[in-house]
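Undergrad: I'd like to ask some things about the structure below.
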Amino acid sequence: MPERRTVALVTLGCARNEVDSEELAGRLEADGWQLVDDAADADVAVVNTCGFVEAAKKDSVDALLEANDLKGHGRTQAVVAVGCMAERYGKELAEALPEADGVLGFDDYADISDRLQTILSGGIHAAHTPRDRRKLLPISPAERQESAASVALPGHAPADLPEGVAPASGPRAPLRRRLDGSPVASVKVASGCDRRCSFCAIPSFRGSFISRRPSDVLNETRWLAEQGVKEIMLVSENNTSYGKDLGDIRLLESLLPELADVDGIERVRVSYLQPAEMRPGLIDVLTSTPKVAPYFDLSFQHSAPNVLRAMRRFGDTDRFLELLDTIRSKAPEAGVRSNFIVGFPGETESDLAELERFLNGARLDAIGVFGYSDEEGTEAATYDTKLDEDVVAERLAHISRLAEELVSQRAEERVGETVRVLVESVDEEEGVHGRAAHQAPETDGQVLLTSGEGLTVGRMVEAKVVGTEGVDLVAEPLAGSLACSEEAGR
């Protein structure tokens, strides 16, 4: 019997890419490939690249070169680029990086097994020619669902495939294979974006906004629960637009309670929310539904009106603070995080001061700060009001220091709170770590539990916050909660 072909998936970038990698893994496993964790043990190393900002692109190139270095020293025979950077640059990336044996776009995902086999056999699959994916679907959101079947939408595989395509879950099994044993998994609810932020190129290579059907999201969540997942995080380029192409912009409000009711799911988290699209009903559901985390990942980007208008965005400091006051009036413990761009073309000292005013009043749990850099193909790249690189770097350092100080202060405000912690790692030397409802995976800090007796990965435990370490919390498990965890483990 011939030895099975082996493949390793190396994923960079955001949680959306992680979902796409698990779909690729499901397709490959269904076609007889053996999935391995280490690229050195694989016949083919598939690198799922990120093409968002310059630093992410560099990381993607470095990962491809690192995988290429394995060739000739072990089993690895081919390195293939997929993901956003591959989709965005196609032939250009293939020419600039001959170390990659293949550069595959989203249209290749449905035939990923054949593509890899061709490359592994010494054949050549031509890198695709990039195109504006916004033009693949109708302008009107209401007309998109009918056209969706003809467009490659990574992470949108239906969740009603024949038995055996994914691990034994019967007709609910999605075309997805988990790549780790984490008790947390992302679920894609939509792809693409209809917003036209002047600094962002994502819509051009991810396409126009299109929602997955609620039944697919629900069935995939049920399958994930059967695999041991306790927390799901809903991801897309813009979750607040979910349902607009299905005829109901409030569809997320009705879907969230259904997801929270799935057996085995202990927490549902929503990411990527647009402040300008927040609705009172959505705030109510996020702050009052059992098992739905009162967590708000709000894309503010800035708070000075002049900068926001240049970004083709809406709002200002006072309106953003009013939104946060509304959220906290309903859920004082709510978690809020956001990202900001400093040094945007035309940003003045007074604009920067306005951003500082917002940050000082917002009490955010996590803050990401980025210095502006041109993204080719974006409107902002054509602006003639760009700041010197030294000025951008200085402002980035200044706001980053302020952000670090403010999130530490916010963490200190939580001392004395009782938090519900999902245990994610148990280690004799490192201790027991998990996350509370206000902390998303990898971006928002974590909780160190002072005792790990009776706790295992995937357990939920009530704990009292007794200290902080920067943005991280130190918490003492409550005795009754530990007893419940021990009982649940029997």
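Undergrad: Hey, what did segment 1-156 get for relative contact order, percent, Cα under 8 Å, at least 6 apart?
TA: 21
Undergrad: Then there's this: To the nearest 20 debye, what is the magnitude of the charge dipole of segment 333-478 about its Cα centre, counting +1 on the Cβ of each Lys and Arg and -1 on the Cβ of each Asp and Glu?
TA: 720
Undergrad: From Cα pairs below 8 angstrom and at least 6 apart in sequence, can you work out the relative contact order of the chain, rounded to a whole percent?
TA: About 9 percent, as a whole number.
Undergrad: Shifting gears a bit: At 1.4 Å probe size, with every protein chain present, just tell me what the per residue accessible area of segment 307-425 comes to in Å².
TA: So segment 307-425 comes to 47 Å² accessible per residue, rounded to a whole number.
Undergrad: What is the sum of charges around R250, taking Lys and Arg as +1, Asp and Glu as -1, for the other residues whose C-beta is under 12 Å from the C-beta of R250?
TA: Net of charged neighbours comes to -2.
Undergrad: Ok, one more. Which pairs in the list K57/K386; K58/K386; K57/K91; K135/K244; K230/K330 are over 20 Å apart, alpha-carbon to alpha-carbon?
TA: K57/K386; K58/K386; K230/K330
Undergrad: Determine the order of L478, L273, L402 by accessible area, beginning with the largest, at a probe radius of 1.4 Å.
TA: Most to least solvent-accessible, the answer reads L478, L402, L273.
Undergrad: Work out from phi, with θ = phi - 60° and the Karplus expression 6.51 cos²θ - 1.76 cosθ + 1.60, the ³J(HN,Hα) of each residue of segment 371-384, listed in order in whole Hz, and give x for Gly and Pro.
TA: Listing the rounded values in order: x, 5, 9, 5, 10, 4, x, 9, 4, 4, 5, 8, 5, 9 Hz.
Undergrad: How much length would be gained if the chain were fully extended between E258 and D390, taking 0.36 nm per residue of separation minus their Cα-Cα distance, in nm to one decimal?
TA: Gain on stretching E258 to D390: 42.5 nm.
Undergrad: Just the number please: accessible area per residue for segment 140-299, 1.4 Å probe, all protein chains included, in Å².
TA: 34
Undergrad: So, in Å, what gap is there between the alpha-carbon centers of segment 348-411 and segment 113-150?
TA: First find each Cα centre; the distance between them is then 36 Å.
Undergrad: Charges only on Cβ, +1 for Lys and Arg, -1 for Asp and Glu: so what's the dipole of segment 264-338 about the Cα centre, in debye to the nearest 20?
TA: Roughly 220 debye, rounded to the nearest 20.
Undergrad: Considering only protein heavy atoms and a 1.4 Å probe, what is the carbon-and-sulfur percentage of the accessible area of the chain?
TA: 48
Undergrad: Rank by packing, highest mean first: peptides 274-280, 74-80, with packing defined as the count of other Cβ atoms within 10 Å averaged across residues.
TA: 74-80, 274-280
Undergrad: By average Cβ neighbour count within 10 Å, what is the ranking of 294-306, 137-149 from highest down?
TA: The peptides rank, most packed first, as 294-306, 137-149.
Undergrad: In percent, how large is the relative contact order of segment 1-90, given Cα pairs closer than 8 Å and 6 or more residues apart?
TA: 32 percent.
Undergrad: Give, rounded to the nearest 20 debye, the magnitude of the charge dipole that the chain has about its Cα centre when Lys and Arg contribute +1 at Cβ and Asp and Glu contribute -1 at Cβ.
TA: 1460
The values are calculated or read from the model by the stated rules, or taken from the named source; none is laboratory data. Everything numeric in this text was worked out from a predicted model, so none of it was measured. Quick reminder, even Gly has a Cβ in these numbers, built from the backbone with ideal geometry, and neighbours come from all protein chains shown. With ligands, DNA and RNA removed, areas are computed over all heavy atoms of the protein, side chains included. Shrake-Rupley method; radii C 1.70, N 1.55, O 1.52, S 1.80 Å.
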